[in-house]
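Below is one structure, written out as structure tokens, with a few remarks after it.
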Ligand code: C2E
Ligand code: CA
Ligand code: CA
């Protein structure tokens, strides 16, 4: 399906709503849309078309489509904010319309499905039974056969397994479509090999979603590993992760419902690399509904400024008294109905679907603006660190975007520090290094976040382009109790000294922890001991206090 809208946020929102069920491509204006339609004449099921756009508007697209024999049959849903435009669009041949701001996403999905089904009814006879790429069943046939198995062979007790590729869209974007197809082919091949050994059928739909309807397996972890191993063998430079959701056979539950649950379970894996297989339970449904709501509400949250940037200070503890040295910007979502939502419950969700960049860009802008404001007001520069997520680093145009922020606000590159979590370094090491190196060459400082939680080897660490090492909080939490953690922290600090990088401890809550870190030579400390993350007005009090201390 093709989504045409000049506003990025609209494309993103529709993408998130529809990407579960359809393969979605995008265009920013009418001209781009027509060229996308040209290239996808064979497999385009639907066009969702904004009417008012620069370069070429939606009416012109409709006109061209309806006068071109090859495009005439492709249904169009128009996206519009005005009643008057709806009627005109329908007269020009649009099949339906969706009003902006967008309705409940269930409504959108239902309208889209209905239009596609209506239109495909005409073509059903010619529809392919098999997906050409993987030789697995296409959606309609998969469910057709699954229903037959369910009805005529109830004794088989088949389980529903949903298999999915983490962030397939980025894999495609970074490595190209042909590479993405190769990944799909290889997974398809291994699923067929698996089915040759056991009873069951499989299909692929919506791009990277595989459905396997098979007799109960004793160990789904092992099955996942089997597919994962195949994928690991594709390229040493690209890390591809599979996630799996399982809904075991339940009496009286038809395949569609069963696969719905399996898919929900699969969605719950999201970024939890340690547990890539989840078995469905009812809480997942509740969680999924909440997740959908958050994704749905994000658009409004950005518009209505419900997202707030908080700041948490970092203190230099080798000074006496400790000196305020910098801060970390942390996002908060003040939801009008759900109250304050902590990033832990929406960041991983948004990381899974790429929307995180919307939030991150907002935080970076706010942070940069704030640094400039404080610089002007207090005559001192307080560097602020912002968090970068994988999607930012592996997405396009990061360097330019950050560069522009700095110039627009008249800052120095070292004023805005960038935190990248350790585990990102192991994902696509080569690409990450290139991006980070480019950022450092400009003058940005890079902090490796959550150090100790990932798997960087010492060997890798020495060649990594970083300026700061942030010790993972879990080591600090148990300092008093655990001799091992004390030794590890000691070791990490030594490594940092050896590498000549600054070392930061976060999550420091007690005087004892502080004393220990100070004695071991840790440079900076962040944590409730000094302050929780606070809104900017509050943070200013810390700046004022700092300035008074210095005068003494
Ligand atoms: P993080 O980057 O490791 O951030 C540190 C987290 O530890 C923050 O949680 C902070 O409030 C918390 N913390 C600080 N001091 C203490 C302490 O003494 N004790 C305890 N128990 N906790 C402490 P928060 O704000 O809930 O953020 C959680 C995570 O969400 C962050 O972990 C980061 O990974 C992510 N995050 C937050 N804001 C953003 C953002 O703007 N963009 C992205 N991509 N991720 C963000
Ligand atoms: Ca951080
Ligand atoms: Ca951290």
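Annotations
- Of all DSSP bridge pairs formed entirely within the chain, close to 50 percent run antiparallel.
- Angstrom value of the Kirkwood radius, inverse mean 1/r, which spans all Cα pairs in segment 1-88: 12.9
- Between segment 367-401 and segment 288-337, the C-alpha centres lie 14 angstrom from each other.
- The overall shape of segment 139-280, judged from the alpha-carbon gyration tensor, is prolate: a/c is not under 1.5, and a/b is greater than b/c.
- Peptides 226-232, 168-174 ordered by average Cβ neighbours within 10 Å, highest first: 168-174, 226-232
- Listed peptides 14-23, 540-549, 201-210 appear in the order 201-210, 14-23, 540-549 once ranked by packing, highest mean of other Cβ atoms within 10 Å at the front.
- Helix-only [θ]222 nm of the chain, DSSP H runs n ≥ 4, -39500 (n - 2.57) each, per residue, nearest 500: -15500 deg cm²/dmol
- Between segment 1-45 and segment 174-228, the C-alpha centres lie 27 angstrom from each other.
- The chain: angle of helix 429-442 to the longest principal axis, Cα-based, in degrees nearest 10: 50
- Ranked by how many other beta carbons lie within 10 Å on average, peptides 504-517, 57-70 from highest: 504-517, 57-70
- Three-way shape call for segment 339-437 based on the alpha-carbon gyration tensor, with the a/c threshold at 1.5: oblate
- Kirkwood Rh, Cα atoms: Rg over Rh of segment 404-524: 1.01
- Projected onto its three principal axes, the C-alpha set of segment 62-177 covers 57, 38, 32 Å, listed from the longest axis down.
- Values of log10 I(q)/I(0), in the order q = 0.06, 0.07, 0.08, 0.10 Å⁻¹, for the chain under a Debye, Cα-only, solvent-free model: -0.36, -0.49, -0.63, -0.95
- Pair residue 25, residue 60: separation of 7 Å Cα→Cβ label points (nm): 2.1
- Distance from the Cα centroid of segment 56-76 to that of segment 499-523 is 64 Å (rounded to whole angstrom).
- FRET efficiency, residue 249 to residue 193 (Cβ-Cβ, R0 22 Å, nearest 0.05): 0.45
- Label-point separation, residue 441 to residue 39 (7 Å along Cα→Cβ), nm: 2.8
- Rg/Rh, computed from the Cα trace of segment 399-451 with Rh as the Kirkwood radius, has the value 1.00.
Read the figures in this text as sums done on the coordinates, not as results from a lab. The model shown is predicted, which means the values in this text are computed figures rather than measured ones. Cβ atoms come from the backbone with ideal geometry, glycine included; neighbour counts cover every protein chain shown.
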